Amino acid sequence: MENAKTVTVVGAGYVGLSTAVALALLGHEVRVLDTNAARVEGLKRGEPPFYEPGLAESLAQAAPRLRYTTDPAEAYDGSEVAIVAVGTPPTPAGHADLRYLYQALETLAQHRVGLVVVKSTVPVGTNQDAKRILGPGVAVASNPEFLRQGQALSDTLYPDRILVGAEEEWVFGVLERLYQPLVEQSFEELPWLPRPKALREAVARGYRVPLVRTGLESAELAKYAANAFLATRISFINEIANVAEAVGADIEEVVRAIGLDPRIGPHFLKAGLGYGGSCFPKDTRALAYLAKRGGYDFKLLRAVIEVNQAQRYRLVEKAEAVLGRLTGQTVVLLGLAFKPGTDDLRDAPSLEIAEELLARGARVRATDPKALELAKQILDPRVETFADPLEALEGADAVLLVTEWPEYRALDWAEVKRRLRRPVVLDGRNALDPRAMEALGYVYQGIGRGRKLSELAL
Ligand code: UDX
Ligand code: UDX
């Protein structure tokens, strides 16, 4: 490749690894630096450190241009661009913990890499700090990502847009060349991650993936604004769902009706238990904190966060309303991961729901197709875990559908009913069809659909 560069990616998490794989597939030489030796050793053997569709195959495909190390000297020697993608987890106070980022920058300051690209989600002003830490002669760019777990690689390879914040013209130039095959979608398609048809057709008509140029602060804020806006849509639709439940409307019908308005659109309007994961909860809190520190009270965002928190507990409250006291009752959680397609449990609603059920005296059972091993390490030991959902459901009093894995939709619900002690299904993700469930004799309610709570009787 004409514009091939030697790039170091710092942090082999979801974001770092997806970026590293993508750049290698585009034709760049990529070194991946991570402080976690076990993770690096695993990657050298071709083992992905977490579950992500297509990752193992892509790592193998990109292997000739990917190297892994824990040694900064090895990672940075001869490298032209460093892309920092270490985690920025929330502190208990709600702001972003920048410890790992600063460690990475301080190490970088001791090496000669002319351009440092911050991919981690960081509070506005952090890239200016990075400039100070790195000193004169090193340029900084902000290059936030918008990938979703479970689709990390396809979101990276087929982005809606690429965002670059910088202050020097040449920096934009370097990143434009680095990402050129992504912009033009000219890299070879992977059989296991095919280019979406609409994108392929658009590219044939001359479409280019937009690369948006901004200042450093705008790029930093745009990342938070994107996540906060999506979180706002979710909390908004959850509140409409709660109203639908109170008045006897069906949220799925409401969404179909409003989503056709192009000003609204159909996406991110799925009512449920609220958002979880490593990004929305963290980034909404960090943005509220950032605003407050700047002297602005972001009321709407505070409400979004509050609604999301309350939404998790509503399911427990409904279970109690239907069953009467929860003491001694066996409640099964179908799904633990914060969403399907991942084994990630960071800020998963399931964890708080399990705790709350235990606190109210219920016996809690849980199952998940991917996250069970991880869950065993962090769940209260009183939660019984099952690999087989049918076993978990044996003799239970209520089922809470927490993660909409296709496996649960595909369960033989007639068979499930024979196993349950009481046929109560509270569907926290609207994964099941209320009519079909009622026809089978279930006491069923989704979020904002199905019968009113007052009409649910055992
Ligand atoms: C990313 C981030 O970039 C974060 O800012 C964004 O908000 C969400 O996505 P993610 O890829 O999910 O984080 O991070 P994680 O899966 O936690 O991985 C971070 C990696 O960095 C780990 O492999 C860890 O070992 C590594 N790391 C961490 C370092 O190499 N050095 C450190 O000092 C700390
Ligand atoms: C999100 C953003 O989508 C991504 O652009 C950003 O880079 C990182 O954060 P991710 O956390 O992987 O990605 O998952 P996403 O699919 O966005 O879902 C987040 C949470 O919102 C999940 O808990 C999901 O269940 C919930 N959700 C999503 C809803 O409740 N309703 C919806 O309509 C969509």
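Values quoted throughout were computed directly from the atomic coordinates according to the rules given, and no laboratory measurement underlies them. What you see is a predicted model; the values in this text were computed from it and never measured. Cβ coordinates were reconstructed from backbone atoms using ideal geometry, including for glycine residues, and neighbour counts include every protein chain displayed.
The slack between R263 and A246, meaning 0.36 nm per residue of separation minus the straight C-alpha distance, is 3.4 nm. In a DSSP loop and with at most 15 other Cβ atoms within 10 Å, the chymotrypsin sites (Phe, Trp or Tyr not before Pro) in the range 263-294 are F268. Phi angles across the range 260-277 convert, under the Karplus curve 6.51 cos²θ - 1.76 cosθ + 1.60 with θ = phi - 60°, into 3J(HN,Hα) values of 6, 6, x, 6, 9, x, x, 7, 6, 10, 8, 6, x, 7, x, 7, x, x Hz, Gly and Pro given as x.
In this structure, F187 and R302 have a Cβ-Cβ separation that, at R0 = 41 Å, corresponds to a calculated FRET efficiency of about 0.45. If the chain linking E407 and A198 were pulled fully straight, counting 0.36 nm for each residue of separation and taking away their Cα-Cα distance, it would gain 72.4 nm. Compared with the dominant Cα axis of the chain, that is its longest principal axis, helix 169-178 is turned about 60°.
Please report how far the C-alpha centroid of the range 142-180 lies from that of the range 234-248, rounded to the nearest whole angstrom. That distance is 36 Å. By the helix-only formula, in which each DSSP H run with n ≥ 4 contributes -39500 (n - 2.57) and the sum is divided by residues, the chain has a 222 nm mean residue ellipticity of -13000 deg cm²/dmol. Here the calculated FRET efficiency for R177 and V212, from their Cβ-Cβ distance with R0 = 22 Å, stands at 0.85, rounded to the nearest 0.05. For the chain, the share of DSSP beta bridges that are antiparallel, to the nearest 5, is 10%. Modelled spin-label separation between T327 and A60, with each label point placed 7 Å from Cα along the Cα-to-Cβ direction: 5.6 nm.
List residues of the range 256-275, by number, whose backbone nitrogen lies under 15 Å from a label position 7 Å along Cα→C-beta of F229. Within reach of a label on F229, which here means backbone N under 15 Å from a point 7 Å along Cα→Cβ, the range 256-275 contributes 262-269.
Remark: H28, H95, H267, H111 ranked as H267, H111, H95, H28, counting other beta-carbon atoms within 10 Å and listing the fewest first. Summing Cβ point charges (Lys, Arg +1; Asp, Glu -1) relative to the Cα centre of the range 372-458 gives a dipole of roughly 400 debye. For the chain, calculate the relative contact order in percent as a whole number, restricting contacts to Cα pairs under 8 Å that are 6 or more residues apart. Relative contact order, the chain: 12 percent. If R0 equals 25 Å, the separation of the Cβ atoms of A73 and R99 corresponds to a calculated FRET efficiency of about 0.70.
Exposure proxy shown here: for M1, M437, the number of other Cβ atoms within 10 Å sets the order, fewest to most, as M1, M437. Listed from fewest to most Cβ neighbours within 10 Å, the set E239, E320, E189 follows the order E189, E239, E320. Working from label points 7 Å from Cα in the Cα-to-Cβ sense, the K292 to R161 distance is 2.9 nm.
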